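Take a look at the structure below.
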Amino acid sequence: MKNLELTSPVKIVDVRDYNYVEEPLPVAVNIPVAYLQRNYHQFKDEKVIVLASSHLEKNISVRYLKKKGIEVIGYRVIGNNCKCPKLKMV
């Protein structure tokens, strides 16, 4: 992992739905994607790392936070076990 020069606090934001998280991360702030609009102001002037359960969830969260002026320095997709059937070509 690359060394980061951290001059401001870093928060880990877990955007996974807390009803479906088997192993919550104790140091993370759990705010599901649906609640980011109400709670993004908590992260002003801080660097953020996003934890998500899918790439879609990660993309929505990162784009929203960046749009609001929050510096996202990283992300991690956890538990990306897609159980959807593969599309078959006909």
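Can you find even one residue in the range 40-50 that is of a type in the set (S, T, N, Q) and modelled with pLDDT under 80?
No; the residues of the range 40-50 include none that is of a type in the set (S, T, N, Q) and modelled with pLDDT under 80.
Can you pull out the residues in the range 52-74 that are closer than 11 Å to Lys11 by Cβ and free of Cβ contacts under 8 Å to residues at least 60 places away in the same chain?
Residues satisfying the conditions are Leu65, Ile70, Glu71, Val72.
State the number of residues belonging to the range 20-78 that are surrounded by 15 or more Cβ atoms within 10 Å (Cβ to Cβ) and assigned to a loop (DSSP other than H, G, I, E, B).
So the count comes out to 8.
The values are calculated or read from the model by the stated rules, or taken from the named source; none is laboratory data. Since the model is a prediction, treat every value here as computed from it, not as a measurement. Every residue, glycine among them, receives a Cβ derived from its backbone with ideal geometry; neighbour counts consider all protein chains shown.
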